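Enquirer: A single structure is presented below for examination.
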Amino acid sequence: MSNLDLSDIFLQDIELQELGPSLFSRLPATSAPTQGPRTKLQPQQSTVWTRRMNAVCVRRARKTYGSKSNQHVILDNLNMTVPKGCIYGLLGASGCGKTTLLSCIVGRRTLNSGEIWVLGGKPGTRGSGVPGPRIGYMPQEMALYGEFTIKETMLYFGWVNNMKTEEIEERSAFLFNLLQLPGPNRYVKELSGGQQRRVSMAATFLHQPELLILDEPTVGVDPLIRQSVWDYLVEITREKTTTIIITTHYIDETKQATTIGLMRGGRFLAEDSPAAILRKYNTDSLEEAFLKLSILQNRGKRRRSSISSDIVAAKAAAMPELETIGAANEAFDSQSEISGEFGDNMSIASVPAVIKPDNADPLPPDDEVDFNWKDMFYLMQSHHMKALIWKNVLWIWRNLPMMLFIFGIPVSQMSFFCWSIGHDPVGLNLAVVNREVPLKTFCTYNTSCSFESMSCRYLKHMSDWKHNLIPYSSAEEAKYAVKRNWAWAYIDIPPNFSEMLALRVETGKDANNTIIDGSQVSIYLDMSNQQIAYLLQRQIITALKSFAKDMAGACSVPESMLDVPMKMNDPIYGPSVPNFTDFAAPGVMLTIVFFIAVSLTSGTMMIERDEGILERCLVSGITGLEILSAHVVTQFFVMLCQAIVTTVTALYVFNISNEGDIVWITLMMVLSGVCGMTYGFVLSSICDNLRNATYLSVGSFLPFIMLCGIIWPVQGMSKLLQMVSFFLPLTLSTESLRSILARGWDIHHPVVYNGFLALGAWTIIFMIISVLLLKFKRG
Ligand SMILES: Nc1ncnc2c1ncn2[C@@H]1O[C@H](COP(=O)(O)OP(=O)(O)OP(=O)(O)O)[C@@H](O)[C@H]1O
């Protein structure tokens, strides 16, 4: 072998078929296979067949994080071969990329380049069964629901993997014993870290998958239990139907593995049996072998050709158990590939043709088609939905106090809104300079048709508004009071007001300027606060009108004679004196339900994601659509309760005006909650952590409030903003609910059904975006 010059082959960048295990088995374990097969060796294209027949086959995998300018290479043209039925120990220093590699294998991350084959297919493609129950994935995080008992945890993961309840109970009994788990009714959150890890392991072992991927399962686990776990792993791989990939920080425990891959700098330093590695590096400690390999890698001394011979020699020595494989498998076995040390992509062929063995596992269908729109929406599986809905209901039940608190939020928010918004301000200070009646003189007047002390009569009508009329002796003092914010306005009444007013009525169109000026009340307002200024303007004019009516009545003159020539009739819709509470209430009601749903959903989803539960579910084959649908189903009840509570508080406790049908109002509220829920899904799919999701949710709250016509009519915005506003979920729905409440319209009116349609359309859009993000937003 040492005479074989492989450099030409490498230069041609051709993958070679390796010496198969059956060939190794014919070679003496102690000698390198340098003589026998040499003449048979020839370069050959690596076949898809060999890749698909291994449990896992990674070829030229490259994975980077970060932007182009700050790229962090994690996997650097890495090759990995995990034959079926082996225990593969994946070793490497912390941060070398083991978890990244595993999550690429389970289809949760994508490579920048290279190929991964898992159980005969490419993860994520049709027919591959990956993600799915063929894989059992135990992530590094606990990935468990703290509120569940161990028994409930087993039930959930069993149902997810389509197991029957009796089957789960049977397997659980075995695993409780194997992993020495505490009582089945203990809550996961009350267990120690090591116990939780064992529960997580039990959940992974439960359905006996073909491929077990265990990311540091034994951290913090008692050495005795660790040993029984390893015994169990050896036991289940004996039949060659289960394959295990395990990462661990306890290097020595991987001596029991069939193959170990030593990973460093994004590549494998070695991929071989522990015995072969120990022998090759003349040591009895894998750590020492790892150290030697690392030093060699740093020095960059090893030449590829020498590496290739080492691999073949080591592999031959390391796989004596393959001798037992029958002759019928020889040709097939010889096609399997090995990975090169230091990331070399090489293999050596012993036979030129690929021969399919009679007893080989059937291959999954050819799945080169990577993407099909139908894949995203294939029918939801009933066992997934059953497990997810049961889990969500149980979660709500276990968090009942929190849920009750959540029901309290709409009540309190609606109450605060109704208490604080829309009421006319009272008790405002108004400075009054009444030159007709001397300061501090008791301001009395005659209620008959008398033209005396009419300033007092007018001020009486003004005082009906419950403001503080504070007398001042001069205009300067009153103006100073307004400037110092002691008063909101000052009212200046001329000295002979009553007399001049009488003359003005008497002389009519012949009244001169002296009469007109002398009969005129002057108002000076602080207009810095628009709401207060408009309110005072309205109240001062209304007081003047009611004063005129009062005089007309007392003097038996028709009231209309003293009014402006215009008659305000009963309104067609709404009250005669509209209030801001009625205007803003519909939008506020919808916003409350919408945003509570946003935070509730994004919070729940982010917790599931941060704790690795979502990852685990997705790897076991649950789809984004199933997760979202199960949430919608279970949260619908929460939404319904919130919608009812908010509506009852607004309409029956605070008497917000309502002319419409309570059924449409409640339906609109529920739909707003469902839409908020799906928006929450989008936020949790976009964001990497709960904090960012919270920022986005809070950040979108104010734009919604301002742009959706909730506190100000949309008609007051610029044309461009009106267009933007039109496309927001709460604009048409707010207008719709406002029309139901104020006008009593029902679903047949376009304004009303457009609101429902807008919310429905946004719900579907948000749902599609979240499903796509869950499916495609992988690292
Ligand atoms: N989403 C990510 N974005 C950027 N960098 C990441 C991301 N995930 C992991 N990394 C980086 O990639 C490197 C490999 O991480 P990985 O978790 O795969 O290592 P590991 O070998 O599993 O470590 P450990 O043994 O400590 O779990 C680390 O430097 C890590 O900081």
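Enquirer: Does G120 satisfy being at positive phi and either surrounded by fewer than 23 Cβ atoms within 10 Å (Cβ to Cβ) or more than 15 Å from the ligand (Cβ to nearest atom) (or both)?
Expert: Numbers: at positive phi: yes; either surrounded by fewer than 23 Cβ atoms within 10 Å (Cβ to Cβ) or more than 15 Å from the ligand (Cβ to nearest atom) (or both): yes.
For G120, the condition - at positive phi and either surrounded by fewer than 23 Cβ atoms within 10 Å (Cβ to Cβ) or more than 15 Å from the ligand (Cβ to nearest atom) (or both) - is met.
Enquirer: Determine whether segment 47-62 contains at least one residue that is within 13 Å of the ligand (Cβ to nearest atom), within 34 Å of the chain's Cα centre (by Cα) and either closer than 25 Å to T247 by Cβ or modelled with pLDDT under 90 (or both).
Expert: Yes, segment 47-62 contains at least one residue that is within 13 Å of the ligand (Cβ to nearest atom), within 34 Å of the chain's Cα centre (by Cα) and either closer than 25 Å to T247 by Cβ or modelled with pLDDT under 90 (or both).
Enquirer: Out of all the residues in segment 140-150, is one or more assigned to a helix (DSSP H, G or I) and surrounded by fewer than 17 Cβ atoms within 10 Å (Cβ to Cβ)?
Expert: Start the filter on segment 140-150 by keeping residues that are assigned to a helix (DSSP H, G or I), which leaves 150.
Applying the additional criterion that residues be surrounded by fewer than 17 Cβ atoms within 10 Å (Cβ to Cβ) yields none.
No, the conditions are met nowhere in segment 140-150.
Enquirer: If I ask for residues that are under 21 Å from R108 (Cβ atoms) and away from the ligand (no atom under 16 Å from the Cβ), which ones from segment 136-152 would you list?
Expert: G136, L144, Y145 - these are the residues of segment 136-152 that are under 21 Å from R108 (Cβ atoms) and away from the ligand (no atom under 16 Å from the Cβ).
Enquirer: Can you tell me which residue in segment 97-117 is farthest from the ligand (Cβ to nearest atom), limited to those that are in a loop (DSSP other than H, G, I, E, B) and over 24 Å from the mean Cα position of the chain (by Cα)?
Expert: N112
Enquirer: Quickly run through segment 170-205 and pick out the residues that are surrounded by fewer than 19 Cβ atoms within 10 Å (Cβ to Cβ), out of contact with any Gly (no Cβ under 9 Å at 6 or more places or on another chain) and free of Cβ contacts under 8 Å to residues at least 40 places away in the same chain.
Expert: At the first step, the residues of segment 170-205 found to be surrounded by fewer than 19 Cβ atoms within 10 Å (Cβ to Cβ) are 170-171, 173-174, 177-178, 180, 182-187, 189-190, 192-194.
Keeping just the survivors that are out of contact with any Gly (no Cβ under 9 Å at 6 or more places or on another chain) gives 170, 173-174, 177-178, 180, 182-186.
Scanning segment 170-205 gives E170, A173, F174, N177, P182, G183, P184, N185, R186.
Condition check ((1) under 27 Å from F637 (Cβ atoms); (2) charged (D, E, K, R)) across all residues:
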residue: G574; (1), (2): no, no
residue: V577; (1), (2): no, no
residue: A584; (1), (2): no, no
residue: G587; (1), (2): yes, no
residue: T591; (1), (2): yes, no
residue: F595; (1), (2): yes, no
residue: S599; (1), (2): yes, no
residue: M605; (1), (2): yes, no
residue: D610; (1), (2): yes, yes
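Enquirer: What about T763, is it touching a Ser or Thr at 6+ places or on another chain (Cβ under 6 Å), hydroxyl-bearing (S, T, Y) and away from the ligand (no atom under 16 Å from the Cβ)?
Expert: Numbers: touching a Ser or Thr at 6+ places or on another chain (Cβ under 6 Å): yes; hydroxyl-bearing (S, T, Y): yes; away from the ligand (no atom under 16 Å from the Cβ): yes.
It is true that T763 is touching a Ser or Thr at 6+ places or on another chain (Cβ under 6 Å), hydroxyl-bearing (S, T, Y) and away from the ligand (no atom under 16 Å from the Cβ).
Enquirer: Identify, please: which residue in segment 69-96 is in contact (Cβ under 8 Å) with a residue 12 or more places away in the chain, within 13 Å of the ligand (Cβ to nearest atom) and not small (G, A, S) and is, among those, surrounded by the most Cβ atoms within 10 Å (Cβ to Cβ)?
Expert: Top of the filtered list is L90.
Enquirer: Of everything in segment 478-522 that's of a type in the set (A, V, I, L, M) and in contact with a helix residue (DSSP H, G or I) (Cβ under 6 Å, 6 or more places away or on another chain), which residue is surrounded by the most Cβ atoms within 10 Å (Cβ to Cβ)?
Expert: Taking the candidates together, the pick is A487.
Enquirer: Within segment 151-161, identify whether any single residue is acidic (D, E) and either under 25 Å from the mean Cα position of the chain (by Cα) or assigned to a helix (DSSP H, G or I) (or both), and answer yes or no.
Expert: Yes, that holds for at least one residue.
Enquirer: If you don't mind, there's one more thing I want to ask. Taking G427, is it loosely packed, with under 12 Cβ neighbours inside 10 Å, modelled with pLDDT of 90 or more and out of contact with any Cys (no Cβ under 6 Å at 6 or more places or on another chain)?
Expert: Considered against the rule, which asks whether it is loosely packed, with under 12 Cβ neighbours inside 10 Å, modelled with pLDDT of 90 or more and out of contact with any Cys (no Cβ under 6 Å at 6 or more places or on another chain), G427 comes out as yes.
Enquirer: Checking A270 against (1) modelled with pLDDT of 80 or more; (2) part of a helix (DSSP H, G or I); (3) crowded, with 18+ Cβ neighbours inside 10 Å, which single condition isn't satisfied?
Expert: Failed condition: (2).
Residue-wise test of (1) in contact with an Asp or Glu (Cβ under 9 Å, 6 or more places away or on another chain); (2) among the acidic types (D, E); (3) surrounded by 19 or more Cβ atoms within 10 Å (Cβ to Cβ).
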site: F595; (1), (2), (3): no, no, yes
site: L600; (1), (2), (3): no, no, yes
site: T604; (1), (2), (3): no, no, yes
site: D610; (1), (2), (3): yes, yes, no
site: I622; (1), (2), (3): no, no, yes
site: S629; (1), (2), (3): no, no, no
site: V633; (1), (2), (3): no, no, no
site: T646; (1), (2), (3): no, no, yes
site: N655; (1), (2), (3): no, no, no
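Enquirer: Could we say that S528 is touching a strand residue (DSSP E or B) at 6+ places or on another chain (Cβ under 7 Å), of a type outside the set (K, R) and surrounded by fewer than 14 Cβ atoms within 10 Å (Cβ to Cβ) here?
Expert: The answer is no for S528.
Enquirer: Can you find even one residue in segment 244-251 that is away from the ligand (no atom under 16 Å from the Cβ) and under 36 Å from the mean Cα position of the chain (by Cα)?
Expert: Checked segment 244-251: at least one residue is away from the ligand (no atom under 16 Å from the Cβ) and under 36 Å from the mean Cα position of the chain (by Cα).
The values are calculated or read from the model by the stated rules, or taken from the named source; none is laboratory data. Note that this is a predicted model, so its numbers are computed, not measured. Ideal geometry is used to build each Cβ from the backbone, glycine not excepted, and the neighbour counts take in all protein chains shown.
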